[in-house]
Amino acid sequence: MRLSELQYELPRELIAQRPSEPRDAARLLVLDRSNGHVAHRVFRDIGDYLAPNDCLVLNDTRVIPARFFCRRQSGGKIEGLFLHEQRGTWRVLLKPAARLKVGERLRCETLAAAGALDHVAAGAPDHVADGAPAGRSREVEFVLCERHERGEWSLRPEPPVPPLELLRLIGRTPLPPYIQRDPAPDAFDAERYQTVYARRAGAVAAPTAGLHFTPELLDRLWEAGVRRADVTLHVGVGTFAPIEADELAQHQMHAEWFEVSQQPVAAMRTARAAGGRIVAVGTTSARVLESLDLNRQAGSADDVAAARWTDLFIYPPYRFRNVDHLLTNFHLPDTTLLALVMAFATPEQIRAAYRQAIERRYHFYSYGDAMLIL
């Protein structure tokens, strides 16, 4: 498949800037792969397409405030996006990065009151110390350690502070660049760019197909006999990085960390044994499922449970082994996400469905409407 096959024209006004309220009021396009039929519903109707013993597979990763800003000694502003940490060294995206040098120090002011940084570094809970003086800010420095490809850098914070605790002080919600905020994401985004079942902190982008669920809707599905299995994939640059090759077979995915315990594996196997279908909520859940061997003949679910990196890139004519239905949003052109969706249905069916969505003024991308592929 060629990159040119992942292109389409989208009017800018259809790029969602705010999500539907309430969450389950989003529109739902339903595509039946067996005959190409398309139905237009509301997301809260999704139960009409699920049956007892079907199993929703949810990515329970939690978005962290991964975007931060620093200044060079010259005063130039640098934007950073935290990716992951290993042994005290952060892997980040920095821009503009062309003139940065190994050994350079970047200054970053915290967003909390003076004394907060010392409080966190000492291992106390992630709130500002009682009685900490207000009105001043503390600085933290990042030392640039190594330059990598694609604008990535390794850096080290000084003083050393655990990433999640420091990002709570300096970080902002990492909204995609096509969602415009002036001057920055607000408290609404901090809550809304998160699924209601988000539990395990580590993602730098939301698993957006799950943004449409409410606790009440999940409860109704459970009462109707729909099972649930939670997996974790910490959404990173691999999910949203552009494809860099004309031939998709030549593109190398960034690796992303995922974890699946015994319990969700057992739930999925039980659902299959009872005649239920596995419904991947989002492309990230689909990638986790396809990175597993659920059909392995084994004595326990522990033989399939995993915690590791995956760089699986799914594109036509990939044959899915573990996903029966796919719930997803509408994706940007030229992306691995659109390639995965085209592999699950067919490129022709997805193009036709997208044309209908555009004609009917669906909203696209992270805060947009949803699509269920049967």
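Sorting the segments 247-255, 327-335, 17-25 by their mean number of nearby beta carbons within 10 angstrom, highest to lowest, gives 327-335, 17-25, 247-255. Between Arg228 and Leu56, the built amide H atoms are under 5 Å apart, and every one of these is 5 or more places off in sequence or on another chain. Placing unit charges on the Cβ atoms of the charged side chains and taking the dipole of the chain about its Cα centre, the candidate lying farthest along the positive direction among Ile278, Ile78, Phe240 is Ile78. Labels on offer are (i) 0.93; (ii) 0.98; (iii) 0.96, and the one holding Rg/Rh (Cα atoms, Kirkwood Rh) computed from this structure is (ii). About its Cα centre, the chain has a charge dipole of approximately 400 debye under the convention of +1 per Lys or Arg Cβ and -1 per Asp or Glu Cβ, with nothing else charged. Sequence-distant contacts, meaning Cα pairs under 8 Å at least 6 residues apart, place the relative contact order of the chain at 25 percent.
Taking K and R as +1 and D and E as -1, what net charge do the other residues with C-beta under 14 Å from the C-beta of Phe188 add up to?
On the way: positive: Arg18, Arg23, Arg172, Arg181, Arg192; negative: Glu21, Asp182, Asp186, Asp189, Glu191.
Every neighbour counted, the sum reads 0.
Against the main long axis of the alpha-carbon atoms of the chain, helix 347-359 sits at an angle near 70°. Placing dummy labels 7 Å off each Cα toward the beta-carbon, the span from Lys77 to Val196 is 3.7 nm. The charge dipole of the range 195-300, taken about its Cα centre with unit charges on the Cβ atoms of Lys, Arg (+1), Asp and Glu (-1) only, comes to about 540 debye.
Partnerless cysteines in the chain, where a partner means another cysteine C-beta under 4.7 angstrom, comprise Cys55, Cys145.
Coordinate-derived values only; no laboratory data. These figures come from a predicted structure and were not determined experimentally. In this analysis, Cβ positions are derived from the backbone assuming ideal geometry, glycine residues included, and neighbour counts consider all displayed protein chains.
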